[in-house]
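Notes follow once the structure below has been shown.
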Amino acid sequence: MLLSNYTLKVVLPDCNHSATTVNAVAELSDDISAVLPYLNGELKGARYDPRTPSLIFQREGHRIILQPRQAAITKLEDEAEAKRVMEWLVETVNHTWERRNEIEPDYQATRQPTMLEVYRLLPGNNCRACGEVTCLAFAAKLAREEIDLDACTPLFNEENAVARGKLLDLISSSNRSLRV
């Protein structure tokens, strides 16, 4: 067993104190640095940074950020859901660690596209078809993986085929799970 325990703290999102969801931060009892490359090899769409080290991935609408002695989880309903996600996370970390001899670790760093990289490839007509006020707002959410690419319906018009291809390449090169 690599991870034995954690201390959980539930907080409101820093930027929106009227939010209907909460975030959680767990201080981990053990350093999990060694398992991060194995989790990176196992979890689809994970982004690994060996310099920090950290691993970021999505699960059931939650963004989970793992660092050596800390885990952060976003978009939770309440403390009970935070505990359920953390129990899954402890089980996943420990199960992955136990199976590390069967898993090919992935030490390759991946990066998230920036909002401006995404924005430059969007149609830029601020049509609001995606539900956002501007293409810049959509780009910010897409870069943070908070919205699906197919929400931008003009991007799927024939005249935007080249930009769409470049955007799909940009997103897939960041090792994200494509939700199109």
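The values are calculated or read from the model by the stated rules, or taken from the named source; none is laboratory data. Worth saying up front: this structure is predicted, and the values here are computed from it rather than measured. Cβ: placed from backbone, ideal geometry, glycine included. Neighbour counts: every protein chain shown.
Summary table
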quantity	calculated
The range 75-90, subset within 19 Å of the chain's Cα centre (by Cα) and surrounded by fewer than 16 Cβ atoms within 10 Å (Cβ to Cβ), residue modelled with the lowest pLDDT	E77
Test: residue in the range 93-109 that is crowded, with 16+ Cβ neighbours inside 10 Å and within 16 Å of the chain's Cα centre (by Cα)	no
Filter pass, T52 being of a type in the set (V, I, T) and in contact (Cβ under 8 Å) with a residue 40 or more places away in the chain	no
Sole residue being in contact (Cβ under 8 Å) with a residue 12 or more places away in the chain and of a type in the set (K, R), chosen from R128, R84, R120, R69	R69
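Every residue, every condition in (1) outside the structural domain of Q70 (by TED's automatic domain parsing); (2) modelled with pLDDT of 90 or more; (3) surrounded by fewer than 16 Cβ atoms within 10 Å (Cβ to Cβ), yes or no:
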| residue | (1), (2), (3) |
| --- | --- |
| P13 | no, no, yes |
| N16 | no, no, yes |
| T20 | no, no, yes |
| S29 | no, yes, yes |
| Y48 | no, yes, no |
| L55 | no, yes, no |
